[in-house]
Amino acid sequence: MTPPALDAPDVASNLARIAAALERLVPPQAPAFDDRAADAYVWHAEPLPGWLEPVNKINAVPFKLLRGIERVSDILLDNTRRFARGLPANNALLWGARGMGKSSLVKAALGAVSAEKPGVLALVEIHREDIPTLPELLKQLRNSKRRFILFCDDLSFDAEDQHYKSLKAVLEGGIEGRPDNVIFYATSNRRHLLPRDMVDNERSTAINPGEAVEEKVSLSDRFGLWLGFHSCSQEDYFAMLDAYVAAYGLKIDQKRLRAEAVEWSMTRGSRSGRVAWQFIQDLAGRLGAKLDAPKAK
């Protein structure tokens with residue numbers, strides 16, 4: 001039995017639907033990289049070969065408000081300034097206590113140096129799961145005249161995770177090496193980026209335990225700077241609060257401020273920069289104040 005013939009409008013409609021279906025099957029094209037579009041970017045591994053999304057507003061704390069970590073702040077700022085000037089600088093691993101400003105310091109250092117030398121630096125955030133695509137990211141950054149800080153927040157690896165080998169090769173190994181216009185900053189709660197039981201397991205099961213352990217911990221050796229962050233004292237906690245109160249012009253008696261802040265920290269079971277900021281947000285809300293931007297001094 002011969003199927004009924006389609007008239008011209010039906011044929012055109014069917015062809016249009018087929019064409020639309022085929023277009024949906026084609027992966028979207030990654031936008032072209034504009035290295036002057038913003039001062040920060042987020043790396044997306046998909047669609048291949050990956051693309052950089054500009055970030056118009058960086059979520060950053062001003063450098064002057066970071067208290068209790070002055071020593072490591074000065075070291076990282078000096079390293080970042082040298083990198084911005086085209087001088088030798090090290091990859092940096094910021095490790096240690098939770099909530100003590102590791103990621104805030106990276107963004108604050110970028111802001112401080114960018115204020116001194118506008119347009120020279122840009123921050124590129126890469127997620128831990130996208131570490132294997134680092135070579136493709138470096139390929140896109142290598143020929144730029146701008147200098148880039150690659151930033152991976154909360155970097156760590158689990159027992160079955162082999163991504164750390166990709167990072168080792170990119171940081172100091174590989175035939176091409178790290179481009180001169182790129183440096184790598186990472187934060188982690190672990191000094192060696194790998195869980196202790198993973199290292200202990202290698203020690204107990206490997207034919208040559210020493211070599212196996214060395215391979216695991218050598219990743220941290222690729223970072224020239226190890227900056228340790230430790231739980232803050234009550235004095236440092238109060239210094240953080242005083243800095244925020246002064247910067248945002250919050251009207252509160254110091255005795256009341258400290259009493260409420262101590263109670264707040266006790267309910268959280270810790271003192272840290274994060275806890276101090278969370279208290280300040282709660283305080284500002286109760287006072288009916290906004291935390292738009294620090295007041296100039």
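Here, each number is a calculation from the coordinates, and none is a lab measurement. Note that the structure is a prediction, hence the values are computed from the model and not measured. Using ideal geometry, Cβ is built from the backbone for each residue, glycine included, and neighbour counts are taken over all protein chains shown.
Rounded to whole Å and sorted largest first, list the principal axis extents of the Cα atoms in the range 234-287.
27, 20, 19
Put a dot 7 Å past each Cα toward the Cβ at Arg17 and Arg71; how far apart are the dots in nm?
7.2
Find how much the distance from Ala246 to Asn189 grows on full extension, using 0.36 nm per residue of separation minus their present alpha carbon separation; answer in nm with one decimal.
Using 0.36 nm per residue and subtracting the Cα-Cα distance, I get 17.5 nm.
For labels at Phe33 and Ala169 in the simple 7 Å Cα→Cβ model, what's the distance in nm?
Spacing of the two 7 Å Cα→Cβ label points: 1.8 nm.
Beyond a 25 Å Cα-Cα separation, which of these cross-linked pairs lie in this structure: Lys102/Lys251; Lys107/Lys290; Lys117/Lys290; Lys255/Lys290; Lys117/Lys251; Lys139/Lys165?
Going by Cα-Cα distance, Lys102/Lys251; Lys117/Lys290; Lys117/Lys251 fall outside the 25 Å limit.
For Glu125, Glu263, Glu53, what's the fewest-to-most ordering of other Cβ within 10 Å of each Cβ?
Fewest to most other Cβ atoms nearby, the residues stand as Glu263, Glu53, Glu125.
Given R₀ = 22 Å, what would the calculated FRET efficiency be for Ala115 paired with Glu53, taking r from the Cβ atoms and rounding to 0.05?
Efficiency, from the Cβ-Cβ distance: 0.40.
By counting other Cβ atoms within 10 Å of each Cβ, how are Val245, Val170 ranked from fewest to most? Mind showing how you got there, number by number?
Numbers: Val245 18, Val170 22.
Ordered from fewest to most neighbouring Cβ atoms within 10 Å, Val245, Val170 come out as Val245, Val170.
What distance in nm separates the two pseudo spin-label positions at Val262 and His127, each 7 Å out from Cα along the beta-carbon direction?
Distance between the two pseudo-spin positions: 4.3 nm.
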